[in-house]
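For reference, the structure discussed in these notes is given below.
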Amino acid sequence: QTVYTITKENIPALKEEVYVDYLYNYAARIKWELQYTKFPNQPMDYFSHSWEDVSKSIYDDGGYATELRRSNFFKDDVDAVLDGASSAEEKLVKIYNFIKSKVAWNDYIGYSAENGIKKAYKEGSGNTGDINLLLIAMLRYAGLEAHPVLLSTKSNGVPVFPTRSGFNYVIAGVQFGEQTLLLDATDKNAAPGELPERARNWQGRIIKDEGKSDWVYLLPTYKSKELNYMNLQITEDLKLKGKYTGIYEKLVAKNFRDKYKGINEESYLELLQEGKGDILISELTKENEDAIGQNVKEVYQFEINNGIEAIGDKLYINPLLFLSEKENPFKAEERTYPIYLNYPVEYASTINFMIPKGYKIESLPESAMVNMNEEDAKFKYLITQSSNFLRLETSIDLNKSVFSANDYEHLKNFFDEIVSKHSEAIV
């Protein structure tokens, strides 16, 4: 009955850029959505008139009210799991870890329980809806205020107007006063409060009693850290010998587990030595590699054959070695997309360097402090000398998950400063 014709010419091509959440979020498109139905002698039935309608529709059609009240099939097991747990936080952790050990994700996503939470529990496998709705049911049984949180994965785009297809995933949200702790039991490496990257997409819709809903922010606001420590010395045959200690916290630790879980030590050593020059790594030890939620600690000895440049009677050494930022990831002249850095993070390095006998320092890099937009990002480079010891402290502090396209030039210049300082040598 109605024909719509839409024409547009000279649409700019999408351009691949680094740190983009999902490129097709920025494509021109038209999407149609069924907003309501009106049958003879029946009231209007709204599906996507508002976000409240969308959430209530999914809550009703997904059978949330029924699924989340079920507990008979797991109550004995959960009672045993909770034995000795007194605080709400302790109960949450015990149930969360129990679910992850009991039910495996089958790699299918969805916001409804495809198999039903009882079947998923009995068979030990389910989609995201099966697992996380089961998690919510168990948390409620334990007396916690837990609710479904609908969201769109990154590959599904960002829902900018009310639409049922805007959501394709569900996680759990647990209320602790004014705070909402987000949980996704499909990810074996995620601690409470950590979401897999696929689910960290702007904001989700938390559904409370009777389908009432509100927005909840999905991007992490807490800071993750990578802390690096190195002790260096020059051998008689002009090699650099040292000890490295790395401590990885929160989402940096999770990324470490995601990347290296299941890799044997020989393969890991090969990966560890990649991109570090002519290096030999030995005496490698790792702590808390499988202790989800704990800091990962990594220690090893190393020897580098090409870490020193000798010109005449002078030695040139970059004390940061393989920890230096060698190139600016932002190379384009301008940018129209936001910059998604995934999560707030600090990369900090401390290097202690012993000056060999018979040598003296002729030239040291200057210390520097660079701030971007006051508190959005900070860079520190501080080098000091005491007798025959040098100490370098440097850090890159990124305090936001997302920077707007308007910040691009500032961010590009910020990383130019980092690359420039990280390339300076001691003489």
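The values are calculated or read from the model by the stated rules, or taken from the named source; none is laboratory data. Quantities reported herein were computed from a predicted structural model and do not represent experimental measurements. So basically every Cβ, Gly included, is an ideal-geometry build from the backbone, and we count neighbours across all protein chains shown. Remember, those area values only see protein heavy atoms, side chains included, never the ligands or the DNA or RNA. Shrake-Rupley method; radii C 1.70, N 1.55, O 1.52, S 1.80 Å.
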Residues ASN406 and GLN385, FRET efficiency given R0 of 45 Å [Cβ-Cβ distance, rounded to 0.05]: 0.65
Solvent exposure, largest accessible area first (probe 1.4 Å, DNA, RNA and ligands not counted), of PHE39, PHE176, PHE302: PHE39, PHE176, PHE302
Most to least packed among 112-125, 19-32 [average Cβ atoms within 10 Å]: 112-125, 19-32
Residue-by-residue Karplus 3J(HN,Hα) for segment 216-226, coefficients 6.51, -1.76, 1.60, Hz, glycine and proline x: 9, 6, 9, 6, x, 9, 7, 9, 9, 9, 10
HN-Hα J in Hz across segment 65-72 - Karplus 6.51, -1.76, 1.60, θ = phi - 60°, x for Gly and Pro: 4, 6, 4, 6, 8, 7, 8, 4
Positive dipole terminus of segment 219-261, leading residue within ASN255, MET230, GLY242 (C-beta point charges): ASN255
In order through segment 138-143: 3J(HN,Hα) via Karplus (6.51 cos²θ - 1.76 cosθ + 1.60), integer Hz, x for Gly, Pro: 5, 5, 5, 4, 7, x
Dipole magnitude of the chain about its Cα centre (Cβ charges: Lys, Arg +1; Asp, Glu -1), debye to nearest 20: 740
Among 1-14, 271-284, 155-168, the order from most to least packed when residues are scored by Cβ within 10 Å on average: 155-168, 271-284, 1-14
Among MET369, LEU392, LEU280 - extreme Cα towards positive end, dipole of segment 268-427, charges at beta-carbon: LEU392
Packing rank of 400-408, 41-49, where each peptide gets the mean count of other beta carbons within 10 Å, highest leading: 400-408, 41-49
All Cα pairs of the chain, percent lying beyond 33 Å: 49
Normalised per residue, the volume of the convex hull around the Cα set of segment 1-153 (Å³): 184
Solvent-accessible area, 1.4 Å probe, carbon plus sulfur percent, for the chain: 46
Distribution of pairwise C-alpha distances over segment 237-301, 10 Å bins, in %: 19, 52, 24, 5, 0
With Cα atoms, 0 to 90° folded angle of helix 251-260 axis to the chain main axis: 90
Unit charges on C-beta of K, R, D, E only; dipole of segment 1-77, Debye: 240
Accessible area of the chain divided out per residue, in Å², using a probe of 1.4 angstrom: 53
Distance histogram for segment 305-372 (every C-alpha pair counted, 10 angstrom bins, percent rounded to whole numbers): 11, 36, 27, 17, 8, 1
Difference of contour (0.36 nm per residue) and Cα-Cα distance, GLU9 to ALA65: 15.3 nm
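If contacts are Cα pairs under 8 angstrom and at least 6 residues apart, what is the relative contact order of segment 163-307 in percent? Provide the component values of the computation, followed by the final result.
Working: 222 pairs, mean separation 27.8, N = 145.
Across segment 163-307, relative contact order equals 19 percent.
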Fraction of antiparallel bridges per DSSP, the chain only, in percent to nearest 5: 85
Relative pair counts by distance (%), Cα atoms of segment 100-258, 10 Å bins: 10, 34, 30, 11, 7, 6, 2, 0
Projected-area average for segment 248-372 over all orientations - Cα convex hull basis, square nanometres: 11.7
Heavy atoms of HIS410: accessible area, 1.4 Å probe, square angstrom to 10: 100
Unit charges at the beta carbon, dipole of the chain: most positive-side option, ASN168, ALA146, ASN41: ASN41
